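Here the structure is laid out as C-alpha cells; the discussion comes afterwards.
We did not get these values from a lab; they are worked out from the coordinates using the rules stated. Given the structure is predicted, the values throughout are model-derived calculations rather than measurements. Here the Cβ is made from the backbone with ideal geometry for all residues, glycine too, and neighbour counts use every protein chain on show.
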Amino acid sequence: MYTALKKARQNGVVLLLLLATVCLGLYSDAFLFSDKRIWLTLLVNFIFFVPLAAGMVTWPAIIYCSRGTWTDGMERAALRAFWFVPVSMLLLIFLWFGKAYWAPWPQMVAMHPIWLSSEFIFARAAVALMVFILLATFFVKRYSNKLLGTFLILSYCIAFTIIGFDFVMGPKPNWYSALFGGYFFISGLYAAITAWTLAYTFAKELKTEVLEDLTKLIITFSLLTTYLMYSQLIVIWYENLPGETPFILMRLNLEPWKYFSAWILGVVYLGPLVLFLTRRARTSRMFVKIVCVILLAGLWLERWWLVVPGVQGGYPRPGLLELISGVAFASLFLLIYNLSRIDYGRAK
Amino acid sequence: MRGAVEQLTLKKINNDVLEPMREPGALYWIFLLVTAGLAGWGALNWTYQVRVGMGVAGVNHPVGWGSYIANFVFWVGIAHSGTLISAILLLVRARWRTSVSRSAEAMTIFAIATAGMFPLIHLGRLWVFYYILPYPSQRQLWPNFQSPLVWDVVAIGTYFTVSLIFFYVGLLPDLAAARDRFEERLGAGNIRTRFYKNLALGWCGNSLQWHHHGRAYLYFATLATPLVVSVHSVVSWDFAVSLLPGWHVTLYAPYFVAGAIHSGLAMVLVLLIPMRKLLHLENLIQPVHFEALALTMLVTTGIMGYSYIAEPFTDWYSNGVFDKQFSVWRAAGPLAWIYWLLIPLNVLAPLSFAFKKVRTNTFWLFAMAMMVITGMWLERLMIVIGATWHDFLPHNWGAYWPTIVEVNIFLGALGFFLFCFMAFSRLFPTIAIADLKSETAGESSRNIIHSILQSPVKSSTGVLAIFSRPEELLASIARLNESIFNNFDYFSPIRLAQAEKLTGRHFSPVRFWTLAGVLLGAASGFALAIWSAKVNSLIVGGKHPVSIIPYCIIAFEGAVLVGSIFNLIGLIIHTRLKFSEMPRYYDGRFSSDRFGLFVGCTREQLKAAEKFLQSGNPEETHVYRT
C-alpha cells in the first residue's frame, strides 16, 4: 500500500515536472517579444504566488500565537510551501530586468526621487523578503515557538505591505490609498488559507472538525478582504476626487473590467459565505476541494484585476498567455511543494 | 488557565456570583452616590446649555464638530470590546472569555447609551432629534440614505438593539438562577424574586430550552461579529467620506475599529480590576483572565502602530500639497502635543504587555489601561477637531478648545456610565454563571455516544430523580433508551451537549428563522433606501438618487437587525418561553447545582419507574400523581 502511494506520488511529481517545464518553456518564449503584457503577467504571478506561499508559512504562526489547538498536526501541510518563498527572490530579479517594459517609476522620479527610484523599490522589497525568509527558516524548524511566530507574523505584514504599496499600487503612482498595504496582505492570507485547506483535503485521515474550522477561516478572510475593499470603495466613490476615482471608475463602469469585477465580487468576495453556508458543504472533502480551486483561480484573477486596468496599455482581458503563465507557476509551486522534505501529516 | 476554574464546584460558582447581589456595603453606596452626583452634574450642565444655547460650548466656525462628537466616537468605541469578548471570542472558542464576558456585554450597552446622548447634546435643540430618524419621506422630511449621519443612526440603533438582545439571551439561565436563589432566601412573594421571575421568562433549563438557546446564541454571535466591525466603520466614514485632509483617509474604517477594540479592552480592565476586589470575585476572575485581555490588546496595539505609520506615509506619498501640509501641521502645530502623546499612550504603554511581569501585575495593568483610555480619548478629539481647524484655505483656519460646560458634560457622561455599571453589578449576575459552570462540568459530560428520538414530556404524572453530577444524569438517560420509559425530560444548570445527543436533539429550526430574517432585512434595507430616494429623486453631491454602493450599508444593518429579531422570535417560539408555566416537578436547585430527570408514565408504571431511576444512584426521587 505504502509503495503504491509512493509510486503515485512520484508519478504526480513527474507529471508536475512535465507540466511546469512545458508551461514555463512556452511562457519564457513569450519574453522574446518583450511585450508589456508578458511582463505584467510575471508581476501578477509574483503578487499572487509569493504572498500565498509566505502566507501558508505564516498561518501556523498565527494559530500558535493565538493559542489555537485545533490544527491536529496538519500545520506541516502549510509549512511545506516554505520552499517556494525563496523563488520569489528569483522572480524579483526577473522583474528587475523587465522594469523598463512594465514599471512607470523611471518616468516618475520627479514625484519622490529616492523613494520611487527603481533601485530603492527593488532593494526594500528584497530586504523585506529576505527578513521574512530568514525568520521563516527558523520557524519551520521550531514552529511552536511563539516569539518567533510573532516576529514572523510582523515580518509578513510589513513585507507584503511594502510589496503591496510598491508593486500593486505603485504601477500607477498617482493613485494611492492608505489601506492598500493592509488589503494586500490580508488578501494574501485569504489565498494562503484557501491553499492550506485545499492541501488538507488531500490528507489520508481527514478530520471533519478541522476541515470545518479551515473553511470557516476561509469565510472569515473572504469577508475581511471584502470589507477592506469596500472600505476603500465607499470613501473613494463618495468624494469623487479626480486623483482617486479612476481606480473604481475603470473597474466598475468600463468594459470589460466591470464584468471581471462582478465575477470577483460573486466568487472571491462573497462566494465562500454562500457556498460554505451549510455544515454539509463545509465538511464535504470533494466540495471543499472544488470550491478551493475555484477560489484560488478567482484570487489569481483578482491580482490581475488589481494591476492591469491601472497600467497604460494593459491588455484588457486575460487570454492564453495569462493562462499558460498561471499554470506554469501553479505547477512550479506544486512541484516544489511536493518535493518539500518536511513530512506531511506527522504529529508534532 | 482552566485548571483553577475547574476546581470550583457548581454550588460555589452559584454562591460566589449571586452573593454580591444581596446586601451592598458602605463603599458601594459611596461609589454609587459619587457617580450619581457626577451624572446629575452633567445633566445640570446640559440643561444650562439647552437654556442658554450652543454658545456655551466651544464649537464655532470653522470647527463645527467638537468634544461632543469626539465623546460620541470614544464611547461607541468603548462599546466594542463587549461584542468582541462575547461574540468573536465565542466563535473562536477562546474559553477564557467566560469570566469577563458578562461585564463586557453590560459595559457595551451602557457605553452605547452614553454615546447615544452626545449627538443629542451636540444637536442643541434636542427636541427635533427625530429629524435624523430614517423613515421614508413624510411631513416634508427627506431622509437621505446616502448621508453618513443616517448610516450612523441606523448602525448605532442596530448595534444597541442587537447588543441588548444578545445580552438578555445570554442572561436568561442566570436570571433563573437568581430567581430560584431569591425565592429560596426571601420567598416567592418578595419583589426581587418577582423581578427575576418576570425577567427569566419561565426558564427551567430543560432539554428543549438548552438546545435552542445554544443554537440561537451562536447565531447571535455570528451576526454580532460583522456588526461590531460595521458600526465603527460607519462612524469612521462620518469623517472619511469628506473632502478634508486629515479626514479623507481610506484606512479609517479598520483603524477606527481597531482603536475602538483597543480602548474597549482597556476599559474592561479598568472596570474589572476594582470590581473583582469590591465584589470578592477573586475565585472567578483570575489574573490569567487579565493576562488574556492584555495579550489581546497586543494585537490591537499592532494595528494602531501600523495605522499611525501608514496614514502620514500616504500623505507624504500622495505628494498632495494639502495632505502634506496638514500632516506637518498636526505634528508641529497646536495639536502636536496630542499627536506625539498618542504613540507612548496608545502604542508603547500597551506594548509593555509583551512582558509577562507587566501583564501579570494588576497595578501595572490598571495603569497601562488608564493610559490607553486617555490616549484613545485624545486621539478621537484630535481627529474630530483637527481637520476643520486647519483645512484648505489659510483665511479659514481657526481654533477650538472645549469649554468648562463641555468638560462638565463629559464628566457627567462618565458618571452616568459608571453609575449604570455599578447598578448592574448589584442587580444582575456579573459573571456568566451557566457558562462558567459548563467550564467546570463540561469535560465530564462528553463521553457517551448514543441516540434516541425523544418528544417533550406531556404528562405530569411520573417520577423525578435528582442527581448531583452530570455523569449520573447522562448514564440514566442512556439507560432509559433501552427501557420502556421513553417519555422523559431533563433539567440542568448548564448546557449538556451530550444530553442533547442522547435525547435526539440535533437540529434546531431557529437557523431558518435567522436566515429568513437576514434575507428579509437585507431586502428591506435596499427597498427602504431606494423607495425613499425615488420619492424626490434629488441628486446630491453628483450622486444618482439610487446608488447601490452606500445602500449596501443600510441593507447590511437591516440584515443584522431583522436577523437578530427573527432569531429571538424563533428562540421564544421553539423554547416555549413565557407561553408555558414552569413544570410542577421543577426544583429550584436545577438552576444551581443539581440535575433532574423526570420520567412521565401512567399511574400503574410509577413504581417501576421509581425503581428504575433509583438504580441510577440519584440523591432523591419524587413521585408526582395528577
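Observations, loosely collected:
- Value at 222 nm in deg cm²/dmol, rounded to 500, when DSSP H runs of n ≥ 4 in the protein assembly as shown each add -39,500 (n - 2.57): -22000 deg cm²/dmol
- Crossing angle, helix A:36-65 versus chain A [Cα axis fit, 0-90 degrees, rounded to tens]: 40 degrees
- Between the Cα long axis of helix A:87-97 and the first principal axis of chain A there is an angle of about 20°, rounded to the nearest 10.
- Karplus-derived 3J(HN,Hα), 6.51/-1.76/1.60, for each residue of the range A:78-84, Hz, glycine and proline x: 7, 5, 5, 6, 3, 5, 7
- Shown for B:Ser242, B:Ser207: other C-beta atoms within 10 Å of each C-beta, ranked fewest to most, produce the order B:Ser242, B:Ser207.
- The residue among A:Ala203, B:Phe326, A:Phe82 whose Cα reaches farthest toward the positive pole of the charge dipole of the protein assembly as shown, with charges on the beta-carbon of Lys, Arg, Asp and Glu, is A:Ala203.
- Protection proxy ranking of A:38-47, B:412-421, B:604-613, A:89-98, by the mean of other Cβ atoms within 10 Å over each peptide's residues and highest first, is A:38-47, B:412-421, B:604-613, A:89-98.
- Peptide ranges B:17-28, B:170-181, A:126-137 listed from the most packed, as the mean C-beta count within 10 angstrom indicates: B:170-181, A:126-137, B:17-28
- Charge dipole of chain A (Cα centre as origin; +1 on each Lys and Arg Cβ, -1 on each Asp and Glu Cβ, all else neutral): 1140 debye, rounded to the nearest 20.
- Residues A:Trp70 and B:Glu184, FRET efficiency given R0 of 60 Å [Cβ-Cβ distance, rounded to 0.05]: 0.90
- The ranking of B:Phe566, B:Phe363, A:Phe151 by Cβ neighbour count inside 10 Å, starting from the fewest, reads B:Phe363, A:Phe151, B:Phe566.
- Here is the list for the range A:86-182: trypsin sites (Lys or Arg not before Pro) lying in DSSP coil, each with at most 15 other C-beta atoms within 10 angstrom of its C-beta, are A:Arg142.
- For the range A:190-204, the Karplus equation 6.51 cos²θ - 1.76 cosθ + 1.60, evaluated at θ = phi - 60°, returns couplings of 5, 4, 5, 5, 5, 5, 5, 4, 4, 4, 5, 5, 8, 5, 5 Hz by residue, with Gly and Pro reported as x.
- Entries of A:Lys146/A:Lys207; A:Lys141/A:Lys207; A:Lys258/B:Lys543; B:Lys12/B:Lys578; A:Lys172/B:Lys324 with Cα pairs more than 22 Å apart: A:Lys146/A:Lys207; A:Lys141/A:Lys207; B:Lys12/B:Lys578
- Counting only other chain Cβ atoms within 10 Å of each residue's Cβ, the peptide B:247-259 averages 5.
- Considering only A:Ala178, B:Ala387, B:Leu496, and ranking their Cα positions along the charge dipole of the protein assembly as shown that arises from unit charges at the beta-carbon of Lys, Arg, Asp and Glu, the one farthest toward the positive end is B:Leu496.
- Where labels lie 7 Å past Cα in the beta-carbon direction, separation of B:Leu411 and A:Met286 in nm: 7.2 nm
- Rounded to 10°, Cα long-axis angle of helix A:285-307 versus longest principal axis of chain A: 20 degrees
- Counted by neighbouring Cβ atoms within 10 Å, the residues A:Met169, B:Met371 run from fewest to most as B:Met371, A:Met169.
- For B:Lys611, a cut-off of 18 angstrom between C-alpha atoms picks up these aspartates and glutamates, skipping any fewer than 8 places away in its own chain: B:Glu472, B:Glu482, B:Asp489, B:Glu619, B:Glu620.
- Calculated FRET efficiency, A:Lys258 to B:Tyr624, Cβ-Cβ distance, R0 = 60 Å: about 0.30 to the nearest 0.05.
- Using the Cβ-Cβ distance between B:Val128 and B:Trp397 with R0 = 30 Å, the FRET efficiency computed as 1/(1 + (r/R0)^6) comes to roughly 0.45.
- Applying a length cut-off of 20 Å (Cα extent along the axis) and a mean Kyte-Doolittle floor of -1.0 to the DSSP H helices of chain B leaves B:26-52, B:67-83, B:98-123, B:148-186, B:207-240, B:252-278, B:287-318, B:362-389, B:404-427, B:510-536, B:548-575.
- The local environment of B:Leu519, defined by Cβ-Cβ distances under 15 Å, has a net charge of 0 under the rule Lys, Arg +1 and Asp, Glu -1.
- Across the range B:523-558, the residues whose backbone nitrogen lies under 18 Å from the label position 7 Å along the beta-carbon direction of B:Leu243 are B:539-544.
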